[in-house]
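The values are calculated or read from the model by the stated rules, or taken from the named source; none is laboratory data. Treat the numbers as computed from the prediction; the structure is a model and nothing was measured. Here the Cβ positions follow ideal geometry from the backbone for every residue, glycine too, while neighbour counts run over all protein chains shown. Keep in mind that these areas ignore ligands, DNA and RNA; they rest on the heavy atoms of the full protein, side chains included. Shrake-Rupley method; radii C 1.70, N 1.55, O 1.52, S 1.80 Å.
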Amino acid sequence: MAEVNSRQLLKKGAEASLSRAERYGRQVVIKARLPKKYRPAELDTSIRSYRTVHEPQLMNEAKKAGVATPTIFLVDVKNTAVTMEFIEGKQVKQLLNYLSPSEQRELCVRVGELIGKLHAHGLIHGDLTTSNMIVNGEGKIFLIDFGLGEKNMELEAKGVDLHLMKRALQSTHYNLAEECFENVMKGYTAVVGKEEAEKVTEKIKEIEKRGRYITKRQEET
Amino acid sequence: MKEPEEAYCLGIESTADDFGVGISTFQGEILANISDAYIPEEGGIHPREAARHHAEVADKVLSEALTKANINPKTLRVISFAQGPGLGPCLRTGATVARALASYLDVPLVGVNHSVAHIEIGKLKTCTRDPVALYVSGGNTLVAAFECGRYRIFGETLDIALGNCLDVFAREAGLRHRQGLPLGAALEQLATKGEKLVSLPYTVKGMDLSLSGLLTAAVTLLQKGKHKVEDLCYSLQENAFSMVAEVTERALAHTEKKELLLTGGVAANKRLQTMLKSIAEEHNARFNVVPHEFATDNGAMIAWTGVLSYTHGLVTPVEESFVKLRWRVDKVDVPWLK
């Protein structure tokens, strides 16, 4: 198979390496979870196989919830590699800082709507960062990287998911973080409803207070 | 900048169980680093008892440090102290000593963030410039890197700290704190004898991690008594360290920095060092561990960070020197970095 040789490394991430290739005339991404030498082989194998199997399942479920994700073509459990559709576009991380305030607002609201759709269907992304969202040429947002996700309806899981989104905004888009997160929550509220959104917001506050050094907790005591 | 004469900063650390005094020159030479630890009869740190200990040993530790540095207190240019984060009563004791000393000597006072100090002493002692820093101790577990005026947090625990997790398990397993051998070190020794990896929860949530579930599961298995203690120590360490390592690797891949710094009390653990070294190699980053003497809480790191702050125009007026129990590292401006 000549195709196999035409792999081109896109990115070596922390967890997996992404390569681009052509399969049957389609542009695909091969996400290979490589062994990690630092952890015991037993633990390493179980983590990698678990994520390889679960990620495509969740991506498929996300589609049913109305959230665009790359289509899965092949799940190679033995080699802990997943072949999926290549999405031509830009990461939200790359875009956000260069948009006008109104465009920023709109993008964040749409991201919030997508998270709302996932949560309403009992899906937790597990790693909501602006690197894991791709906007294609038509302006459609795709969510990727469901490796740390799970199916979970509990308030706790939803709260943590959004708390992580907020944390990711704070570390990568520190100047915009607060406003962006507010807009994410607007979009989220529009999908899940005011009552549910309020419950989740309360949960996020509770989760933040569990953190070691949150000033709010001190003020209250 | 040329100083007319040799300038010194004396730093006071008292965030938890250690009361420490360090003296640093403005060039970063550590002249003294003396500390005295409060060791509870049983259980963890009782804040009030620890603070009482600090008050009792303060003058002794101070005079030992001054004797060691062999300087006249009148030549001190600035007094720094750990203003937070930490345990209230302990922090207040150190702050009181610092205020008294600064007003007696009529020199400026500088409040220093304890977590920033752990990173800065690690950088000073290993000649690191711009690392991804993993700071792991009894009270903190965070991955930070400098970005636009501050250290930003790229990963942290959602609940308990790594050192806390290991210490609680060690106590449950009947290990005792002995002079010269902290609980974590005792656990590490036992873990090297473990052979079988027992399945325990592995909880990485995005860039953060959670350790409380892991601790509960490990303690429950310990109480059931079906596994060898050595195997449980080994498995607990492997799981916890792998989680910490995974979030550290994420930060390294995300920031693309070329240095990795391990700092804080748990940095002394050899197994953790090995794991992080492997990650650094994978990402072509230079790996550094803070030297043992500066790994646990110490006064030298407060003194050195005091120098950095003071020489960049930061002073803390006495009326603003109240302690900050939950002072996050990403709330601190670090003007000495560009």
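A few remarks follow.
- A Förster radius of 30 Å combined with the Cβ-Cβ distance from residue A:97 to residue A:140 puts the calculated FRET efficiency at roughly 0.90.
- Think of each Lys and Arg Cβ as +1 and each Asp and Glu Cβ as -1; about the Cα centre, that makes the dipole of segment B:1-154 roughly 420 debye.
- Between 0 and 90 degrees, the angle of helix A:101-120 with respect to the longest Cα principal axis of chain A falls at about 80 degrees.
- Loop-resident sites, segment A:28-126, for chymotrypsin sites (Phe, Trp or Tyr not before Pro), counting at most 11 other Cβ within 10 Å (DSSP): A:98
- Ranking A:34, A:72, A:204 by Cα position along the charge dipole of chain A, where only Lys, Arg, Asp and Glu carry charges on their C-beta atoms, puts A:34 farthest toward the positive end.
- Length gained on full extension, residue B:59 to residue B:29: 8.5 nm, using 0.36 nm per residue less the C-alpha separation.
- Over the protein assembly as shown: Kirkwood hydrodynamic radius from C-alpha pairwise inverse distances, Å: 24.9 Å
- Cross-link pairs A:64/B:205; A:63/A:194; B:193/B:226; B:257/B:277; A:36/A:64 - those with Cα-Cα distance over 26 Å: A:36/A:64
- Summed over both chains, the contact between A and B buries some 3500 Å² of accessible surface at a probe radius of 1.4 Å.
- Here the label points at residue B:193 and residue B:322, each 7 Å from Cα along the C-beta direction, are separated by 5.1 nm in the simple model.
- Distance (nanometres) between label positions extended 7 Å along Cα→Cβ at residue B:129 and residue A:71: 4.9 nm
- Considering only B:14, B:137, B:278, the Gaussian network model of chain B with Cα springs below 10 Å gives its largest mean-square fluctuation to B:278.
- In summary, the aspartates and glutamates within cross-link reach of residue A:37, defined as a Cα separation below 16 angstrom excluding same-chain residues under 8 places away, comprise A:15, B:238, B:246, B:249, B:281, B:282.
- Where a label projected 7 Å from the Cα of residue B:284 along Cα→Cβ would reach, residues of segment B:120-161 with amide N under 17 Å: B:132
- Helix A:177-192 axis, angle to chain A major axis (alpha carbon atoms, nearest 10°): 80 degrees
- When the trypsin sites (Lys or Arg not before Pro) in segment B:97-136 are filtered for DSSP coil states and for at most 13 other beta-carbon atoms within 10 Å of their beta-carbon, the remaining sites are B:129.
- Restraint check, A:93/A:199; A:166/A:205; A:209/B:324, Cα-Cα greater than 18 Å: A:93/A:199
- Within segment A:90-198, the GluC sites (Glu not before Pro) that combine a DSSP coil assignment with at most 12 other C-beta atoms in a 10 angstrom radius are A:138, A:154.
- Rounded to 10°, Cα long-axis angle of helix B:270-282 versus longest principal axis of chain B: 90 degrees
- Taking every protein chain into account, the 1.4 Å probe leaves residue B:202 with about 50 Å² of accessible area, to the nearest ten.
- Think of a 1.4 Å ball rolled over the protein heavy atoms: segment B:129-294 then has 37 Å² of accessible area per residue.
- Förster-model FRET efficiency, 51 Å R0, residue B:41 and residue B:75, C-beta, rounded to 0.05: 0.80
- Residue mean of other protein chain beta carbons inside 10 Å, B:96-107: 0
- Taken about its Cα centre, the protein assembly as shown carries a charge dipole of roughly 1120 debye when the Cβ of each Lys and Arg holds +1 and the Cβ of each Asp and Glu holds -1.
- Computed Rg/Rh of chain A, alpha carbon atoms with Kirkwood Rh: 0.99
- Here the simple spin-label model places points 7 Å from the Cα toward Cβ, and for residue A:174 and residue A:27 these points are separated by 3.5 nm.
- Only Lys, Arg (+1) and Asp, Glu (-1) charged, at Cβ; segment B:246-289 dipole about Cα centre in debye: 180 debye
- Longest segment of chain A lacking trypsin sites (Lys or Arg not before Pro) that sit in a DSSP loop with at most 15 other Cβ atoms within 10 Å: A:141-221
- The candidates A:54, B:118, arranged from most to least accessible area with a 1.4 Å probe in the full protein assembly, appear as A:54, B:118.
- Evaluated at q = 0.11, 0.12, 0.23, 0.25 Å⁻¹: base-10 log I(q)/I(0), Debye formula over Cα of segment B:76-181: -0.49, -0.58, -1.20, -1.25
- Computing FRET efficiency as 1/(1 + (r/R0)^6) for residue A:198 and residue A:153, where r is the C-beta to C-beta distance and R0 is 25 Å, gives about 0.90.
- Span from the segment B:275-328 Cα centroid across to the segment B:1-70 one, whole angstrom: 15 Å
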